[in-house]
Amino acid sequence: MSAAPRAAAGAEPVQYEMVVGLEVHVQLKTRTKLFCGCPTKFGALPNANTCPVCLGLPGTLPVLNYAAVQLGVRAAHALCCAVNDLSTFARKNYFYPDLPKGYQITQYERPLAECGWLVIGKNPDDTPITIGVTRVHLEEDAGKSLHDRYRGATALDLNRAGVPLIEVVSEPELRTAKDAGAFLRVLKQLLEYIGVSDVNMEEGSLRVDANISTRAAGDTVLGTKTEVKNLNSFSAVERAIEAEFARQQAALATGTTVEQQTMLWDAAAGEVRPARSKEDSHDYRYFPEPDLPPLVLSQDWVRKAKEELPELPSAKRTRFAKDYSLGDADIEVLTANIALADYYETVARGHEDPKSAANWVMGELLATLRATETPITAFRVRPIDLARLLDLVRAGRLSHSAAKRVFANMAETGDRPEEVAERQGLLQVSDDGAIAAWVAEVIAESPKEWERYRAGEQKLLGVLVGQAMKKSKGRADPKKLNQSFSARAAG
Amino acid sequence: MTDAATPKAAVPAGRVGAYPDAPDAVARAFDVMRTTRAAEADGLNLVLWYDREHAAKAARDVQAALDEGQDLGPLAGVPFVAKDNIATLNLPTTCASRILAGYVSPFEATVITRMERGGAVLVGKTNCDEFAMGSSTEHSAYGPARNPLDPTRVPGGSSGGSAGAVAAGIVRVALGSETGGSVRQPASFCGVVGVKPTYGRVSRYGLVAFASSLDQIGIFGAGVDDAATALELVAGRDPLDSTSADIPVPRYREAAQRSVAGLVIGRPKEYFPPSLDPRIAALCDRALTRMRELGADVRDVSLPHTDLAVPAYYIIAPAEASSNLARFDGARYGRRVPAAGLRATYEATRSDGFGSEVTRRILLGTYVLSAGYYDAYYKKAQEVRTLIAEDFQMVFASGVDVLFTPTAPTTAFPIGAKVGDPYAMYLSDIFTVTANLAGIPGMSLPIGRVDGLPVGGQLLAPHFDELTMFTLAYNLERVLGQDAHR
Amino acid sequence: MAVTRDDVLRVATLARLALDEARIPALVAELNGILAHMEELSAADTTGVCGISGVGDAGLPLREDSGPQLSLATSRESFAPAMRDSFFLVPRLATHGDSADEVP
Ligand SMILES: [Mg+2]
Ligand SMILES: [Zn+2]
């Protein structure tokens, strides 16, 4: 915790602490919008993904998407929340041009789920750092306003309007910017793991508002909070929280009060600024959405959804340690995201040696992905083919360096390892006839060395094998050559 | 101009499709267009938008299908009109508001699709109070509609244009909408049949929302059979409306064959206060006597929270309206009044686009939802709404099949009589708002006249029991005969 | 709970309605008149009563996560007040100009 600036001259320096709660909006991975059949696909032409409903045309009505409920409940379970058997929708009323109906349909009085938690790391004494999750609720996204595209006008693209989101609200239990960052990273990993969201920051599928207040360390009463918006990366969240904490500390230290207001993070300037004038303080006039009866979920359905919850990251880490005897550092890398973990696991299951599978995935594979800027989901080498490649190495049919060349080609072509090795002539030859022929040729061409070796100069074996390798253009199995020379010397 | 002093006779009740002068659907459509023009030339201002070419084409298509031998059902080739807050593809949908001037919906309401699938031909969009907010069809951006039976008087509202179009003999079937009696009250004022189905019985998709938890599309008919036929066609689950019920639709027209013998009719005392015009009360009691003569059992009952209905309604409806009307900001559709900056444009667009009653209700609704007032007003009104619904549940659980009341406390009032006093206007919904608050079905049908002006009797039934309601209505219509119109 | 002139102005701001100065006193009086009748509600005993919104307790029907995308019979240009390159255009937000507008 950073030290507070000195208060009035002569007074003891006051230690301040920050109290931070996060509101995280995450786009759910559905094909269609929350209340209409429009596609949610990113990158469509402006307003192409709109219909009478999400344009808010007069006379239209919302109809809730089943998949959004499923994914929301799955997220709620993963966050250890209690899922409400009856939840209600509400209207949040405010004017903004990218909000077509003049209200957002969200959940207010009775959210989808409440009272969960998320473990975001470990304390120095190895106890878990647990942050409470106040609620998880469903709501629709707004559209997009483009202010800089045309002179004097704001351009509206409503393709996002009505896209399903969950809002995850944390308890105000975060005490450092670093912890806030950890909360977000752990949450992102979790939601990706269970297939609830792609959590793609560039496409805006995770957005964060941070509520920040400052109090003297040891105080139990909360200070006045401000809400910082416009946070579109994890580092922005951490930097903005630090900046706002510094601003609030400075205010408190000089005896000024912190005003309750909305702040915007300006990434370029690295500072927070008040978002609006105070004259029109917000009054969202929430009331129950009359177009949607309450959402009723049967206990059986909710229980079944919990049973069907995919493996969570922590469980996967434990299992990888047990099933594949991997160290913590390897597990950390291999379980960073679900796609990589799944890839590794397929390789490990297809090949006898999980440790060598881990080395290949963390080594060659990650290096290739990085170098070619390819996401693992688009990688051309199928995990089962990587397993086969490792089998070839283990069986002695491919040298380690040849295997690297084969892998590089597989990454380009997507071809199977045997095919590539064959085509490139890299498969080791262990056929006895061919080996014997090369050995005979070398003995015939280098009789002196052969005699010295037979006389007991063991170091000459390397020379002989090297010559035979050259004759085989590198394809001969060196172990077989060794055996063949020593057998002939003995015989 | 019609002679104001001598009210005209309303079109007598009869079977749908009884247009004796028209040999086929096309001729009938032209006939309707002629009547429409004549009515508009008379200054009734009932129909806002109609398109002769389009109606003729639709009629030709239906006639061609009929000539091929297709069975489209009882409304094939029957012309109808729809209130201007129901989305249609080929005619404007302005909700009688300036803010939607010229707006043509790029999609159509489920009810329109279903009517047209049954061969009915849309011939026009009717005048109404702006966004259905009003009880007289005076609050229209396109001028007040007039009652065809006495053009110095209002046709009632907010669906006054649709009620008037049936009363004027333009069409036998019309669609309207109800939030607090906007079909039943004008039906009463115009001497026609008006049905508000159970909430959830008819899809609201395409009905421009006023107060979503109360809104329901309703049907006007020249007679009970016209309304029952059209309701049968448009009712039923619609996947586009989450509040539409998945409950089978009975054959309402079969109610015509049913008897009222043994049915229990409740007469709620709160709907017959001492202040009620005794001539209206007498017409109601005459109707009840006739029902008793047919074997029905009439009982006095009580719905003790009735007095709270208007106050609860005038909290809930404006609150929902303030939110529903936020979308009219001139950004994506409708009329924009440009000003400097976005905020100013919003304010210019909305202030210029909405009329005085809509503005008043948006302010009221915003106020009751705003921080610090929500519990005292909106939350409290919703709780009172529960009490009102429980009143009905208890009465129906006690063995009462249908309730019978006057539809409105007065007959059609003169144009301008109540526009200056909003609350006096609100009180003309006093007997009708309860059904919207409770979500139960209700209807109004003519039961006689006072000073030559129609009086409607109201039937209220339990949720989704329109069939029993129609049973009573068919019988009452039959037994009253011409007495209903004099 | 009398409605004041300030209340009316505050509410008008929330509702994005610019009120004619001359209309304000009448609106204050009308709203007070209407709300006075609403006071009857506070006399009603609603202890233990749950508020309802909407009717029918069939629960919420859900749709499959598939289309079709509901179609528009006419182009967006046909009903939009201003469009360019498929964007709806509105006057520039004042957060990017004057200070009256705001970020929600
Ligand atoms: Mg939210
Ligand atoms: Zn859509």
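The values are calculated or read from the model by the stated rules, or taken from the named source; none is laboratory data. Just so it is clear, the structure is predicted and the values come from calculations on it, not from any experiment. Don't worry about glycine lacking a Cβ; one is built from the backbone with ideal geometry, like all the others, and counts go over all protein chains shown. All accessible areas refer to the heavy atoms of the entire protein, side chains included, with ligands and DNA or RNA removed. Shrake-Rupley method; radii C 1.70, N 1.55, O 1.52, S 1.80 Å.
For A:VAL169, state whether it is within 16 Å of ligand 1 (Cβ to nearest atom), under 26 Å from A:THR40 (Cβ atoms), touching a residue at least 40 places away in the same chain (Cβ under 8 Å) and more than 10 Å from every other protein chain (Cβ to nearest Cβ). When the stated conditions are applied, A:VAL169 passes them. Here C:SER99 passes the criteria (1) open to solvent by 50 Å² or more (accessible area, probe 1.4 Å); (2) modelled with pLDDT under 95; (3) under 26 Å from the mean Cα position of the chain (by Cα); (4) at the interface with chain B (Cβ under 8 Å from one of its Cβ atoms) except the one numbered (4). Does segment A:396-417 contain any residue that is part of a helix (DSSP H, G or I) and over 16 Å from A:LEU365 (Cα atoms)? For segment A:396-417, residues part of a helix (DSSP H, G or I) and over 16 Å from A:LEU365 (Cα atoms): absent. Selection within segment A:172-189: residues that are in a helix (DSSP H, G or I) and open to solvent by 10 Å² or more (accessible area, probe 1.4 Å). The member of this set that is farthest from ligand 1 (Cβ to nearest atom) is A:LYS178.
Would you say A:LEU99 is among the hydrophobic types (A, V, I, L, M, F, W, C), more than 11 Å from chain C (Cβ to nearest Cβ) and open to solvent by less than 10 Å² (accessible area, probe 1.4 Å)? No, not satisfied. Using the structure shown, decide if B:ALA408 is in contact (Cβ under 8 Å) with a residue 60 or more places away in the chain, touching an Asp or Glu at 6+ places or on another chain (Cβ under 9 Å) and more than 14 Å from chain C (Cβ to nearest Cβ). When the stated conditions are applied, B:ALA408 passes them.
Of all residue pairs spaced 6 or more apart or on separate chains, those with beta-carbon atoms under 7 Å, a first member in segment A:247-270 that is of a type in the set (Gly, Ala, Ser) and a second member that is in a helix (DSSP H, G or I) and open to solvent by 60 Å² or more (accessible area, probe 1.4 Å) are A:GLY270/A:ARG239.
Applying the criterion of being more than 16 Å from A:ARG475 (Cα to Cα) and of a type in the set (S, T, N, Q) to the residues of segment A:409-449, the residue that is surrounded by the fewest Cβ atoms within 10 Å (Cβ to Cβ) is A:THR413.
If the condition is being of a type in the set (A, V, I, L, M, F, W, C) and more than 15 Å from A:ASP342 (Cβ to Cβ), then segment A:367-379 contributes A:ALA367, A:ALA371. Within segment A:310-332, the residues that satisfy the criterion of being among the aliphatic types (A, V, I, L, M) and surrounded by 14 or more Cβ atoms within 10 Å (Cβ to Cβ) are A:LEU312, A:ALA321, A:LEU326, A:ILE331. Kindly check whether there is at least one residue in segment B:342-362 that is in contact with a helix residue (DSSP H, G or I) (Cβ under 8 Å, 6 or more places away or on another chain), at pLDDT below 95 and within 11 Å of chain A (Cβ to nearest Cβ). Scanning segment B:342-362 turns up at least one residue that is in contact with a helix residue (DSSP H, G or I) (Cβ under 8 Å, 6 or more places away or on another chain), at pLDDT below 95 and within 11 Å of chain A (Cβ to nearest Cβ). Applying the condition of being within 16 Å of ligand 1 (Cβ to nearest atom) and of a type in the set (Ser, Thr, Tyr) to segment A:42-95 and asking which residue is least open to solvent (accessible area, probe 1.4 Å) yields A:SER87. Between C:ALA82, C:ALA2, the distinction of being more than 7 Å from every other protein chain (Cβ to nearest Cβ), over 30 Å from B:SER242 (Cβ atoms) and open to solvent by 70 Å² or more (accessible area, probe 1.4 Å) belongs to C:ALA2 only. Looking across segment A:155-166 at every residue that is in contact with an Asp or Glu (Cβ under 6 Å, 6 or more places away or on another chain) and within 14 Å of another protein chain (Cβ to nearest Cβ), the one that is nearest to ligand 2 (Cβ to nearest atom) is identified as A:GLY162. Evaluate the following for B:TYR426: is it outside any helix (DSSP H, G or I), surrounded by 18 or more Cβ atoms within 10 Å (Cβ to Cβ) and modelled with pLDDT under 95? For B:TYR426, the condition - outside any helix (DSSP H, G or I), surrounded by 18 or more Cβ atoms within 10 Å (Cβ to Cβ) and modelled with pLDDT under 95 - is not met. Filtered by the rule that a residue be part of a helix (DSSP H, G or I) and over 16 Å from A:GLN483 (Cβ atoms), segment A:425-449 gives A:GLU441, A:ALA444, A:GLU445, A:PRO447, A:LYS448, A:GLU449.
Would you confirm, using the coordinates I've provided, whether A:LYS41 is at pLDDT below 95 and within 16 Å of ligand 2 (Cβ to nearest atom)? Yes.
Quick check on segment A:108-115. Is at least one of its residues charged (D, E, K, R), open to solvent by 10 Å² or more (accessible area, probe 1.4 Å) and under 21 Å from B:LEU369 (Cβ atoms)? Yes, there is a match, as at least one residue in segment A:108-115 is charged (D, E, K, R), open to solvent by 10 Å² or more (accessible area, probe 1.4 Å) and under 21 Å from B:LEU369 (Cβ atoms). Cβ separations smaller than 7 Å between residues 6+ apart or across chains give the following pairs from segment B:113-129 residues that are without any contact (Cβ under 8 Å) to a residue 60 or more places away in the chain to residues that are assigned to a helix (DSSP H, G or I) and open to solvent by less than 10 Å² (accessible area, probe 1.4 Å): B:CYS128/B:GLY160; B:CYS128/B:GLY161. Inside segment B:175-211, residues that are of a type in the set (Ser, Thr, Tyr) and either in a strand (DSSP E or B) or surrounded by fewer than 24 Cβ atoms within 10 Å (Cβ to Cβ) (or both) make up a count of 1. Set side by side, the residues A:VAL186, A:VAL221 differ, and just one is closer than 20 Å to A:ALA76 by Cα, aliphatic (A, V, I, L, M) and more than 13 Å from chain C (Cβ to nearest Cβ), which is A:VAL186. Only one entry of B:GLY266, B:GLY223, B:GLY236 meets the criterion of being open to solvent by less than 10 Å² (accessible area, probe 1.4 Å) and within 30 Å of C:PRO61 (Cα to Cα), and that entry is B:GLY236. Return a yes/no flag: does segment A:105-113 have any residue that is more than 16 Å from ligand 1 (Cβ to nearest atom) and either within 14 Å of chain B (Cβ to nearest Cβ) or not β-branched (Val, Ile, Thr) (or both). No, segment A:105-113 contains no residue that is more than 16 Å from ligand 1 (Cβ to nearest atom) and either within 14 Å of chain B (Cβ to nearest Cβ) or not β-branched (Val, Ile, Thr) (or both). Please tell me if B:PRO273 is surrounded by fewer than 16 Cβ atoms within 10 Å (Cβ to Cβ), out of contact with any strand residue (DSSP E or B) (no Cβ under 9 Å at 6 or more places or on another chain) and over 21 Å from B:PRO462 (Cα atoms). Here the answer is yes, as B:PRO273 does meet what is asked. One residue stands out in segment A:26-38 among those that are more than 7 Å from ligand 2 (Cβ to nearest atom) and more than 7 Å from every other protein chain (Cβ to nearest Cβ): the one that is most open to solvent (accessible area, probe 1.4 Å), namely A:LYS29. Can you list the strands (runs of 3 or more DSSP E) lying wholly within segment A:193-307 that have 3 or more residues being open to solvent by 20 Å² or more (accessible area, probe 1.4 Å) and of a type outside the set (A, V, I, L, M)? Result: A:206-216, A:226-231, A:271-274. With the condition being in contact with a Lys or Arg (Cβ under 7 Å, 6 or more places away or on another chain), I'd like the helices (runs of 4 or more DSSP H) fully within segment B:292-377 carrying at least 3 qualifying residues. Filter on segment B:292-377 gives B:309-324, B:342-353.
Criterion first (among the aromatic types (Phe, Trp, Tyr), crowded, with 20+ Cβ neighbours inside 10 Å and within 13 Å of chain A (Cβ to nearest Cβ)) does B:TYR313 satisfy it? No.
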